[in-house]
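Written below as structure tokens is the structure these notes are about.
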Amino acid sequence: PFAAVVNALHRAAEEAAEAHQVPGNSRAAGGGRGDTVGDAVADVDVEAATTAAVVREEESDELSEAERDALERVLAESLEEARAVGLGGAPPAARWAVDGLRTHTLDAQGAAAACEPCAVCQESFAEGDLLLTLPCSHRFHRECARSWLLEHRCSCPTCRAELPTGTGYDDRREREREEDAARR
């Protein structure tokens, strides 16, 4: 699935480059679709896409019709492929797991020490804000974190450390971790 997405992106970059008659926009001689995801990623000609983007930016701030069509096609293919193989990502966290997380009110000292904004809403932390701390120690506005964890993903928005989901997803992830540990 990933290889198909990469190849679709490559085709779109080549089409965009050709639309602007950018020289040297094809892969090196002999470069073709690889047999592995790593090969497919290596096949992507970043230079052609970058060159096409620079040429486009110099000409206009808007995408050409060919670029829009190519982008729409790539996005549609990617979405279709993801749906076909069930790559919707991790499910939301279990409510009991989120309800058990530590919540506290940010004091003046904590607000002064907070360097990074909330990774969900990108707002700075302020004295009096209710914060939720995940097991990985990352902090977020309580409502931002609850919304993220209960509606979107079972993982920390910053480091992707996972919380339980209460579904078969947890069992599959645990098996994968055990298999990885056994291989080491």
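The values are calculated or read from the model by the stated rules, or taken from the named source; none is laboratory data. Note that the structure is a prediction, hence the values are computed from the model and not measured. Cβ: placed from backbone, ideal geometry, glycine included. Neighbour counts: every protein chain shown.
Just need a number here: residues in segment 144-184 that are farther than 16 Å from VAL98 by Cβ and either in a strand (DSSP E or B) or among the aliphatic types (A, V, I, L, M) (or both).
Total satisfying the criteria: 2.
A quick yes/no check of all residues on (1) closer than 14 Å to ALA93 by Cβ; (2) surrounded by 13 or more Cβ atoms within 10 Å (Cβ to Cβ); (3) in contact (Cβ under 8 Å) with a residue 60 or more places away in the chain:
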site	(1), (2), (3)
GLU123	no, no, no
GLU127	no, yes, no
PRO135	yes, yes, no
ARG139	no, yes, no
SER147	yes, yes, no
HIS152	yes, yes, yes
CYS159	no, no, no
GLY168	no, no, no
GLU179	no, no, no
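Sort out for me the helices (runs of 4 or more DSSP H) sitting completely within segment 50-143 that have 2 or more residues that are over 15 Å from CYS156 (Cα atoms), at pLDDT 70 or above and among the basic types (Lys, Arg).
So the answer is 65-84.
Please specify each residue of segment 167-184 satisfying the condition of being of a type in the set (Gly, Ala, Ser) and modelled with pLDDT of 80 or more.
Passing the criteria: ALA181, ALA182.
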